[in-house]
Every structure is written in C-alpha cells, then in structure tokens.
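Below: one structure, written as structure tokens.
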Amino acid sequence: MPGTRAAPRGEVIRVLASNLPRVLYEVLAASVSQDSNIVIVGNTRGALETLIAVRQGVDVVVLGAPEARRLPAICTHLLGEYPELKIIVVSLADEHTQVYWLGIRSRQVRPMTPRSILATIRGCRG
C-alpha cells in the first residue's frame with residue numbers, strides 16, 4: 001500500500017497528531033522530543049486533513065475524540081486503507097485511551113499519561 005507502513009526496529013516512528021487540544025498536543029510534542037526514534041510529522045484538524053496527511057506516510061495516529069471506547073468512524077476508513085497503521089484514540093471527555101490496529105483490534109492504555117502514550121507509540125514498531 002502506498003504511504004503507510006510499520007516502522008522496523010531502529011527506524012523513526014512517524015506520528016500524526018489529529019484533533020488534539022493545543023495543551024495535549026504540546027504535552028505529546030514535549031514527550032516525543034525526548035525520543036530520537038519518534039517524530040511528529042503533523043497536527044491535523046478534521047477527517048479530510050487527517051486522511052490527506054496519512055497518505056504522506058505515517059506509522060501512528062494519535063487521535064483526539066469525544067470518547068475512546070467507541071471506535072471513531074475515521075478509524076475504520078484509515079485501517080481499511082492502511083492496515084499497518086496504529087491509531088491511539090485519546091478521549092477528550094475522560095482519561096481513557098484506546099489503541100486500534102488491523103482487524104479493528106484494540107487495547108486499552110492505562111493510565112492515560114504522556115509517559116503511557118509515549119510507551120504505546122514505542123510499542124508500535126514492527
């Protein structure tokens with residue numbers, strides 16, 4: 001598939017932030033800046049901008065959503081187009097984070113902290 005593929009060990013993990021409030025984005029960016037193997041490649045607003053950005057090559061999307069326990073509609077589209085993509089959905093209403101990947105599998109991330117999200121991004125290698 002063009003665009004997105006999983007990053008093999010040792011390669012940089014390309015992360016796209018989408019629909020994150022500014023404060024949460026800044027916390028994520030500060031956390032990621034401490035790891036030379038992870039880079040934020042963009043910060044999008046809305047589904048169309050996110051879809052266009054993912055085409056440029058992304059390994060992980062950190063997506064802000066009203067709730068994380070229900071799969072946001074954009075996730076099924078992204079995972080259908082880019083099966084190697086990992087999507088970390090961060091609830092904007094509570095402290096719940098869920099990771100989705102190929103086959104619409106998911107795993108809850110607890111507790112929701114910058115450190116746990118960074119560890120989840122690192123775990124998305126290969």
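Here, each number is a calculation from the coordinates, and none is a lab measurement. Quick caveat, the model's predicted, so the values are computed rather than measured. Counting neighbours? That spans all protein chains shown, and the Cβs are built from the backbone with ideal geometry, glycine included.
Tabulated results
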| quantity | calculated |
| --- | --- |
| Complete set of residues in the stretch 31-67 that are assigned to a strand (DSSP E or B) and either without any contact (Cβ under 8 Å) to a residue 24 or more places away in the chain or surrounded by fewer than 15 Cβ atoms within 10 Å (Cβ to Cβ) (or both) | 39 |
| Qualifying residue in the stretch 105-119 (condition: within 20 Å of residue 47 (Cβ to Cβ) and either loosely packed, with under 13 Cβ neighbours inside 10 Å or touching a strand residue (DSSP E or B) at 6+ places or on another chain (Cβ under 9 Å) (or both)) | yes |
| Residue ID - surrounded by the fewest Cβ atoms within 10 Å (Cβ to Cβ), chosen from residues in the stretch 13-30 that are in a helix (DSSP H, G or I) and touching a helix residue (DSSP H, G or I) at 6+ places or on another chain (Cβ under 8 Å) | 30 |
| Subset of the stretch 79-114 (residues that are touching a Ser or Thr at 6+ places or on another chain (Cβ under 6 Å) and of a type in the set (S, T, N, Q)) | 98 |
| Filter result (surrounded by 14 or more Cβ atoms within 10 Å (Cβ to Cβ) and small (Gly, Ala, Ser)) within the stretch 71-104 | 91 |
| Test for residue 91: is it of a type outside the set (A, V, I, L, M, F, W, C) and within 19 Å of residue 27 (Cα to Cα) | yes |
| Residues (farther than 16 Å from residue 116 by Cα and of a type in the set (Val, Ile, Thr)) located in the stretch 17-74 | 23, 39, 40, 41, 44, 50, 52, 54, 58, 74 |
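To keep it simple, each residue is scored yes or no on (1) of a type in the set (Phe, Trp, Tyr); (2) under 21 Å from residue 35 (Cα atoms); (3) in contact (Cβ under 8 Å) with a residue 60 or more places away in the chain.
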| site | (1), (2), (3) |
| --- | --- |
| 72 | no, no, no |
| 85 | no, yes, yes |
| 99 | no, yes, no |
| 102 | no, no, no |
| 108 | no, no, no |
| 111 | no, yes, no |
| 124 | no, yes, yes |
